[in-house]
Amino acid sequence: MVFVGMDHGTTGITFGIMSDNGESIESFKIDREDTKAGKVSAIDELSKIVNLDEIKLMAITYGMGDGITSILPIEKVKNRGILSIEGAGKITGGGTSVYTEIEKSGIPTIVIPGLHKDSPSLDPLFRAAYSHQASSEKVSICYNAFLATKWENMIVADISSNSVNILIEDGTIRGAIDACIGAMGVVHGPIDLEMIRKIDEGEITANEAFSTAGAVKIANINDKVAFMKDTLLNNYKEYDKNAKLAIDTMVFTVAMEIIGLAGIANNTLEGVVLTGSIGSMKFPVDFEKSLNKYLKNKFKIVILPSTSGAFGSAEIAKDVYNRKEDILGIKVD
């Protein structure tokens, strides 16, 4: 018998499969474009690895997760747990196809919420300041970090297409800062004054601004989302000055955000967890080393692989199945 977790990411959808005793069995990733085009079935791919009847529980994430505030059985979730798909970054429809497949599969499934103004577990100051703080896979990433480190007080930095830093205190998620207002990711980033003017003048939509405000803006990369990271890193390896400036700027903004969160923390932090396709990277960019230029080794740093979201979801499924009543302060229905 196994547990399965799903991470609904920007460039693809990753599944993590875990045994009864909590051992990671295997993970696989499906490109969003392939699921949208019907080239790949998530359930078929899953069935190649495990017998579907042996899945005790699956935990999935989808989009912003701002339509729900607790962990719910999929049959109780309306509109896939989101208020709207608009303004949520690059939209391909691949994630929707996978969600529908899972919903129809008959596999026992729960849906994980995002972090937003209606999340009762969060600090009211974060809720008052930001309508949206993090999409639902960040909860899974945090749970994986919590179980891996045993830290009650930490910052989890997920640096990939969309960079989000999350503050955990006393084993509860206190709040987070999303890329649209904070640190840059490869694709997404903060909407600044220049972009606001372009939006007001009708040159671009707000969503287009958000979806081109990351490191790719500085590196002058205009490609499909699935290729942007590789293009950026290839340009960096070729000593392209714009690519170097883009990555240096991304590190700089992440450092500012981590230091800011540490500054408002009530407790002494035990460390920082780095994850995501960029945050866990050692080559061609050693992200930890670059980040420590600003953090100055003040924090213990643990690096988790980019599959932390998928396996974190599987860990949530396992613990919910075993009657755990909340996950980092988020209630289980």
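Bear in mind that the values in this text are calculations on the coordinates, not laboratory data. What you see is a predicted model, and the numbers here were worked out from it, not measured in a lab. So basically every Cβ, Gly included, is an ideal-geometry build from the backbone, and we count neighbours across all protein chains shown.
Would you tally the net charge around Ser47, using a Cβ to Cβ cut-off of less than 11 Å, leaving Ser47 out, and scoring K and R as +1, D and E as -1?
Around Ser47, the charge tally is -3.
Could you name the aspartates and glutamates whose alpha carbon sits less than 13 Å from that of Lys39, not counting residues in the same chain fewer than 8 places away?
Asp31
For Lys150 and Asp248, FRET efficiency with R0 = 35 Å and r from the beta-carbon atoms, rounded to 0.05?
It comes out at approximately 0.60.
Between Asn153, Asn322, Asn144, find the one with the highest GNM mean-square fluctuation for the chain; connect C-alpha pairs within less than 10 Å.
For the chain, modelled as a Gaussian network with Cα springs under 10 Å, the answer is Asn322.
In nm, to one decimal, how far is the modelled label at Lys76 from the one at Thr100, with both set 7 Å along Cα→Cβ?
So the two model labels end up 2.6 nm from each other.
Could you tell me which chymotrypsin sites (Phe, Trp or Tyr not before Pro) in segment 176-241 are loop residues by DSSP with no more than 16 other beta carbons within 10 angstrom of their beta carbon?
Those satisfying the criteria are Tyr239.
Around Glu270, which amide H atoms from residues at least 5 apart in sequence, or from another chain, sit under 5 Å from its own amide H, with H modelled in the peptide plane?
Here the answer is Asn153, Met154, since their amide H atoms fall under 5 Å of that of Glu270.
Quote the relative contact order of segment 140-192 in percent (integer), defining contacts as alpha-carbon pairs under 8 Å separated by 6+ residues.
27 percent
Looking only at the chain, where both bridge partners belong to it, what percent of the DSSP beta bridges are antiparallel (to the nearest 5)?
Among the beta bridges of the chain, antiparallel pairing accounts for roughly 65 percent.
Specify the residue with the greatest mean-square fluctuation among Met64, Met256, Met18, computed from a Gaussian network of the chain linking alpha-carbon atoms under 10 Å apart.
Of Met64, Met256, Met18, the Gaussian network model singles out Met256 as fluctuating most.
Rounded to whole Å, give me the distance from the Cα center of segment 251-313 to that of segment 108-172.
14 Å
Express in % the proportion of alpha carbon pairs of segment 1-84 at distances exceeding 17 Å.
53 percent
Mean-square fluctuation check for the chain, GNM, Cα pairs under 10 Å: which of Leu147, Leu72, Leu167 is largest?
Among Leu147, Leu72, Leu167, the largest mean-square fluctuation in the Gaussian network model of the chain belongs to Leu147.
Going down the list Lys229/Lys298; Lys117/Lys217; Lys138/Lys289; Lys29/Lys300; Lys29/Lys138, which pairs span over 25 Å between their C-alpha atoms?
Too far apart for the 25 Å limit: Lys229/Lys298; Lys117/Lys217; Lys29/Lys300.
Residue by residue through segment 308-324, which ³J(HN,Hα) values in whole Hz follow from phi under the Karplus form 6.51 cos²θ - 1.76 cosθ + 1.60 (θ = phi - 60°), with glycine and proline marked x?
3J(HN,Hα) across segment 308-324, in whole Hz: 4, x, 5, 6, x, 5, 5, 5, 5, 4, 4, 6, 5, 4, 8, 6, 5.
Using modelled backbone amide H atoms (1.01 Å from N, in-plane), which distant-in-sequence or interchain residues come within less than 5 Å of Phe28's amide H?
Amide H neighbours of Phe28, under 5 Å, 5+ apart: Phe15.
With the contact rule set at Cα under 8 Å and sequence spacing of 6 or more, what percent relative contact order holds for segment 38-192?
Across segment 38-192, relative contact order equals 20 percent.
Ordered by residue, what ³J(HN,Hα) values in Hz, to whole numbers, does segment 267-281 give under the Karplus form 6.51 cos²θ - 1.76 cosθ + 1.60, where θ = phi - 60° and Gly and Pro are x?
10, 6, 6, 7, x, 10, 9, 9, 8, x, 4, 9, x, 8, 6
What relative contact order, as a whole-number percentage, does segment 149-303 give when Cα pairs under 8 Å and 6 or more residues apart are counted?
The normalised contact order for segment 149-303 reaches 27 percent.
Would you mind checking which residues have amide H under 5 Å from Ile303's amide H? H placed 1.01 Å from N; only 5 or more apart, or other chain.
Leu274
By what distance, in whole Å, do the Cα atoms of segment 149-303 stretch along each of the three principal axes, largest value first?
Per principal axis, max minus min of the Cα coordinates gives 45, 36, 24 Å.
What aspartates and glutamates does Lys78 reach when the alpha-carbon gap must be under 20 Å and sequence neighbours fewer than 8 apart in one chain are set aside?
Straight-line reach from Lys78, under 20 Å: Asp7, Asp66, Glu86, Glu101, Glu103, Asp118, Glu137, Asp333.
In sequence order, what are the phi-derived ³J(HN,Hα) couplings for segment 237-247 according to the Karplus relation 6.51 cos²θ - 1.76 cosθ + 1.60 with θ = phi - 60°, rounded to whole Hz, with x for glycine and proline?
Whole-Hz 3J(HN,Hα) from phi for segment 237-247: 5, 8, 6, 5, 5, 5, 5, 5, 4, 4, 5.
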